[in-house]
Amino acid sequence: MNLEFSPEEIAFRDEVRKFIAENYPQQAAETGLRDDMAPEDLVAWHKILGDKGWSVPAWPKEYGGTDWTPTQRYIWSEENARVNAVMPLPFGVSMVGPVIYTFGSEDQKAQHLPGIRSGETWWCQGYSEPGAGSDLASLQTTAVRDGDHYIINGQKTWTTLAQHADWGFFLCRTDPDAAKPQEGISFILIDMKTPGIEVRPIKLIDGGYEVNETWLTDVRVPVENLVGSENQGWTYAKFLLAHERSGIAGVARSKRGVEQLREIAGRELLDDKPLIKDFDFARKVSQLDIDLAALEITELRTLASEEAGRGPGPESSILKIKGTEIQQRLTELTLEAVGHYGTPYYRSVSDAGSNDYPIGPDYAQHAAASYFNMRKTSIYGGSNEIQRNIITKMILGL
């Protein structure tokens, strides 16, 4: 595996860097990536990339992809992370889009893929339920055939940004008598404006409302919204999760986060000396840097495998585990670095809409919110405990 960029790849990097500098939305650049961004700011860069033809770089060329190599896609991620860009939401681009172009009908491809590419259609994911999270196969939401429609009833939870979604992709039980629970599940696309759908916000520990409960009561969905074959949804769900877990690793953004952590620790003082000079704190930052470098090599090996024609497999579980652990340690060290300045920005502590002046430096403003929010990363996309089981079975053969 060659870890040095070729002259052609360096030229591509320069092209990407120039395009970002000239086209990234000013409003997003000024506010930065935050969990309380306005919906229009979350999709602004996506729409610009859609016009350029760069919004779905990993898709096949025939469906609007860029035909970039895995190395070029890696460079693309690195350059966007360098400016902390707000990337296209993954629910359409990285999750349901690949499922639709791989397993969907021609009508589904024509109906849904253009809106995903352009950023005009917002998607959400209906997988988890109150009693079916890591044990997703135990889900209870039902889809009962009634002529040309399914009648869907059930409850989904942790439905990220469903309050803004136009469409959702849902796992529903279509055969309650299947020999194995995984064999009776179907993958169904649902218009979120359909009567009988209710989205209820869930207040998170950081004080935000990023996720929701989604209730479905006698929701009538056309049978043509079924992706692939009935009762084969588990196969499509596993395919989707392999793509999702590779992206969760977030190596490029974590690298930028470590740089910012070092900058913060260079400004904050401990016993009249920069915190980064403290041996114990510096040791923790260095260990994080080492682990991140190892993860980056693992990601590059995975990219090399993709470049050879092999898609993401069980090794995506390794990326997911280590990537999320690093993200959590990074936000924990950042909160430790800002110290007591982090407390006023825990949004549940102060009244919403307060016009009090911020206390402390700007870089402390979102440290606590990020720390609390990132507790979720080792759970979503399949908990890290489940990922270890996958590695044990699929890679180690135990």
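In angstrom, the C-alpha Rg and Dmax of the stretch 109-180 are 14.1, 41.
The GNM of the chain, with springs linking C-alpha atoms under 10 angstrom apart, assigns the highest mean-square fluctuation among F170, F103, F279 to F279.
The lysines within cross-link reach of K180, meaning a Cα-to-Cα straight distance under 20 Å and a gap of 8 or more places when in the same chain, are K238, K393.
Could you look at the chain and say what percent of its accessible area is carbon and sulfur, using a 1.4 Å probe and all protein chains?
So the carbon and sulfur contribution to the accessible surface is 51 percent.
Label zone (D177, point 7 Å along Cα-to-C-beta; backbone nitrogen cut-off 20 Å) within the stretch 215-241: 230-233. When the chain is described by a simple charge dipole with +1 on each Lys and Arg Cβ and -1 on each Asp and Glu Cβ, the residue from S305, T235, H366 located farthest towards its positive end is S305.
With a probe of 1.4 Å, find how much accessible area the stretch 1-123 has per residue, and write the answer as a whole number in Å².
Spelled out: the 1.4 Å probe surface of the stretch 1-123, per residue, equals 48 Å².
Here's how it looks for V211: its modeled amide H is under 5 Å from those of L161, I202, which are all 5 or more places away or on a different chain. In this simple spin-label approximation, E22 and R301 carry label points 7 Å from Cα along the Cα→Cβ vector, and these lie 4.0 nm apart. At a Cα cut-off below 18 Å, give the lysines reachable from K376, other chains included and same-chain residues fewer than 8 away excluded. Partners within reach: K156, K203, K320, K322. Once backbone amide H atoms are built at 1.01 Å from N, Q232 has F187 as its partners under 5 Å, excluding neighbours fewer than 5 places away on the same chain.
The values are calculated or read from the model by the stated rules, or taken from the named source; none is laboratory data. Small disclaimer: the values here were computed from a predicted structure and weren't measured. FYI the Cβ positions are ideal-geometry reconstructions off the backbone, even for glycines, and counts take in every protein chain you see. In case anyone asks, the SASA skips ligands and DNA or RNA and just uses the protein heavy atoms, side chains included. Shrake-Rupley method; radii C 1.70, N 1.55, O 1.52, S 1.80 Å.
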